[in-house]
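Below is one structure; the comments refer to it alone.
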Amino acid sequence: MDGSPLTPTQRWLWVFSTGGTLLDGFGIFVLGVAMPLIIAEFRLTPDVVGLIGASLVFGAVFGAGLGGPMADRLGRKKLMLADMIIIATGAATSALANGFPLLFIGQLLVGVGVGIDFPASSSYISEVLPKRGRARMMVATIACQSVGMLVAAVIALLLLKNVHSAQTWRLFLATEGVIAVLFFLLRLSEPDSPHWLMTRGRFAEAAQAFLRIMPEQREAVLQITSDGGDSNVANSVLPPKSPGIAILFSRAYRARTMLVAIPWFLMDIATYGVGLFTPIILGAIDVSAKRVGVIAHDFADARGSAAIDLFLLLGFLLGIWAVPRFGRIRMQAIGFAGMALGMLLLTIPVSLSNSPAGAGHIPIVFAGFILFNLLMNAGPNSTTFTLAPILFPTQLRATASGFAAGVAKLGATFGVFVLPILKSHFGVPAVLGMVMAVSALGLIVTLVFGREDRE
């Protein structure tokens, strides 16, 4: 499998595996656009707004921490089916919410499902794709986060334009559940990971799964499975026991654990904080000052946010090209530096937003957001997702990916909870300063631990 060309079946398995990252981006965008309407309907305070946003990513902390070890123990496919059911349930709960409690619970469930999917799907992709295209396709997987944002933007703009109701936010959130059900149905047909089945000693099932992926290799598989009763073959594949999460902090894995977890933690503070509240930040900078009414204003901010988020996808496309050529660590460092510079650019129009000349600095607003989104996705948002599945062996792969994703979502929880409070008490400059600081710190940590970047 490692040395073969990419087959049509493998391409379809990749598509099926993108559901979690796509719904992650979709959920961030629709909640960000829905939030002004939700605030207006339920008269929520900034602290409560922060809790709703934090519930989405706090759920992902629990989901990733639980989903990684479970995917190593129970298999990739079972977890990839369960997480779509959880996301659909959470989306339905959110859409039917009559106040803060159900919104919080619904978004918490969505976050749990997304968190489970990250380690399960990233491990699955790394195990069913050939080595030659693995790095590129894994970057393409996390790129679907931006595809989800763009899909959400199109749906949100269509609904805001054609459904003139303050209840439109319910349709935003319900759509997420429909997409989750679709991915659940698609994933029913996929085989489990042959690599994972081999580590569990289930050689016959591994052979069947492999043949479903690469039927042209039937003769080679029959030759290998004819030696299945040889104890030397079995012992060379089957580990004596499940190593557990503690091994991530052993001398052999400690440095790479730091590399896969800390930069992702720092990046998610910036990514989720800025991404979830981009429409609110645009409104605070007064890009749409001439609009009146909450729906009209939300439409304008959603349109501006969608234009900015287009560069998230362009950044991922750049990452798909650049990461295999220049390396993960180099692109991660460049990306963190670009994120800090983008936030620095935004401080100029923010400081002048109340002046008569403030409107003339709108191009700088978009330039700052575009630089941030472009280099974030060409760099750390592409590389952090791919490092753990590459650096850790099969029996540890999902556990390491889940640990890294869980730590990252702690950063995201911090970002989305603290950002609206910072904005409320200290204004947008404090938000930009926080994002600049974590981006610079991410650059430093990447350079310190980057020597572990090897496959």
Residues of the stretch 156-177 satisfying the condition of being surrounded by fewer than 17 Cβ atoms within 10 Å (Cβ to Cβ) and at pLDDT below 85: LEU157, LYS161, ASN162, VAL163, HIS164, SER165, ALA166, GLN167
Only one of LEU37, LEU44, LEU81, LEU56 that is open to solvent by 10 Å² or more (accessible area, probe 1.4 Å), farther than 21 Å from THR271 by Cα, part of a helix (DSSP H, G or I) and in contact (Cβ under 8 Å) with a residue 40 or more places away in the chain: LEU81
Qualifying position, being of a type in the set (Gly, Ala, Ser), in contact with a helix residue (DSSP H, G or I) (Cβ under 6 Å, 6 or more places away or on another chain) and modelled with pLDDT under 90, among ALA180, ALA153: ALA153
Filtered residue count, the stretch 33-73, keeping only those that are out of contact with any helix residue (DSSP H, G or I) (no Cβ under 9 Å at 6 or more places or on another chain) and not charged (D, E, K, R): 0
Unmet requirement for ASP2, which otherwise passes all of (1) assigned to a helix (DSSP H, G or I); (2) farther than 14 Å from ARG170 by Cα; (3) open to solvent by 40 Å² or more (accessible area, probe 1.4 Å); (4) of a type in the set (D, E, K, R): (1)
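Quick grid of which residues meet (1) closer than 16 Å to GLY19 by Cα; (2) exposed (fewer than 13 other Cβ atoms within 10 Å of the Cβ); (3) of a type in the set (A, V, I, L, M):
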| position | (1), (2), (3) |
| --- | --- |
| ALA180 | yes, no, yes |
| SER189 | yes, yes, no |
| ALA207 | no, no, yes |
| GLU216 | no, yes, no |
Pairs where the first residue, in the stretch 1-26, is at negative phi and among the hydroxyl-bearing types (Ser, Thr, Tyr) and the second is surrounded by fewer than 22 Cβ atoms within 10 Å (Cβ to Cβ) and not in a helix (DSSP H, G or I), C-beta under 6 Å, 6+ apart: SER4/PRO130
Count of residues meeting criterion [open to solvent by less than 30 Å² (accessible area, probe 1.4 Å) and modelled with pLDDT of 90 or more] in the stretch 436-455: 5
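The values are calculated or read from the model by the stated rules, or taken from the named source; none is laboratory data. None of the values given here were measured: they were computed from a predicted structure. Here Cβ is always computed from backbone atoms with ideal geometry, including for glycine, and neighbour counts include all displayed protein chains. Accessible surface areas use protein heavy atoms only, side chains included; no ligands, DNA or RNA. Shrake-Rupley method; radii C 1.70, N 1.55, O 1.52, S 1.80 Å.
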